[in-house]
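Here's the structure, in structure tokens; my notes come after.
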């Protein structure tokens, strides 16, 4: 009989919304179950399948989901839902369920073993649950951003498994939403609305916490990755400059720069150089373009 890769907790978890008790599925990591592969430029850790255990995806398990009301949150947050939010979360159960039925045509059985659909669904449910958490204490925006990002990764996995173009499109859409919530989280951090200092881990993956530098870097990568959606070339150039400013913060100076993870600095440098190349190409393409006069008084001719 094949060895297990997960187990169910001995101690029951009690849902703070509906009172259901259930056992949480936990990932076993010892005895060579996980064989780490490369790190992607979005800081996702890839894992190699092993002969004994096959392919294991740790991203399927971090979110705890109530099998009855579908309230979901990270394991460390699950039982800490503010009491004032309980009734609202309870009322939104049909909405949470409708998201999953619309995408997958079914609800995962969260008392059983979790597959990739159950993993993706757990993040979608967390995305719909975290807005009810207190901003000061739990910083929900970055947790929603990370959930969107991980779901995007898992949708990409599901596309590779099924070749269903729907999942590729969903991966792209969730990447855009991740970008938006990373931007919101960074803005709220700067205003002390949602401080990130006390968050247990900022990931973005489960194997290493890259901290706030990782948040800045991922925000920059997602903005660059989705820059093709900006049609106006001048707005795109402005976006490139904004991305370069974010990456400059990741680089740091002096002693702080030396303390940052080398892999993060290498990735940041690579993205910075690519943006430089894209900027040069875009600027060159604009040199001889005539800009029509639109009647606003701002028209003219772009070439000398």
Checklist entry - In the stretch 62-91, what residues are in contact with a strand residue (DSSP E or B) (Cβ under 9 Å, 6 or more places away or on another chain) and crowded, with 19+ Cβ neighbours inside 10 Å? => result 62, 63, 64, 65, 66, 71, 72, 73, 74, 77, 78, 81
Checklist outcome for this item: Per the filter on the stretch 191-224, residues closer than 13 Å to residue 41 by Cβ, in contact (Cβ under 8 Å) with a residue 60 or more places away in the chain and assigned to a helix (DSSP H, G or I) are 214, 217, 218, 221, 222
Checklist entry - Does residue 229 meet the test of being modelled with pLDDT of 90 or more and within 21 Å of residue 39 (Cα to Cα)? => result no
Item to check | Members of the stretch 66-91 that are under 21 Å from residue 21 (Cβ atoms) and in contact with a helix residue (DSSP H, G or I) (Cβ under 8 Å, 6 or more places away or on another chain) | outcome: 69, 70, 71, 72, 73, 74, 77, 80, 81, 82, 85, 89
Checklist entry - Which of (1) part of a helix (DSSP H, G or I); (2) buried (at least 21 other Cβ atoms within 10 Å of the Cβ); (3) touching a helix residue (DSSP H, G or I) at 6+ places or on another chain (Cβ under 6 Å) is the odd one out, the single condition residue 118 does not satisfy? => result (3)
Checklist entry - Among the residues of the stretch 6-28 satisfying the criterion of being over 18 Å from residue 109 (Cα atoms) and touching a residue at least 24 places away in the same chain (Cβ under 8 Å), which is surrounded by the most Cβ atoms within 10 Å (Cβ to Cβ)? => result 17
Item to check | Hits in the stretch 40-53 - residues which are farther than 23 Å from residue 178 by Cα and in contact (Cβ under 8 Å) with a residue 24 or more places away in the chain | outcome: 52, 53
Item to check | Listing of strands (runs of 3 or more DSSP E) fully contained in the stretch 1-109 that carry 3 or more residues being modelled with pLDDT under 95 and within 30 Å of residue 220 (Cα to Cα) | outcome: 35-39, 45-48
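The values are calculated or read from the model by the stated rules, or taken from the named source; none is laboratory data. Everything numeric here is computed off the predicted structure, so don't read it as measured data. Note: ideal-geometry Cβ built from the backbone for every residue, glycine included; neighbour counts use all protein chains shown.
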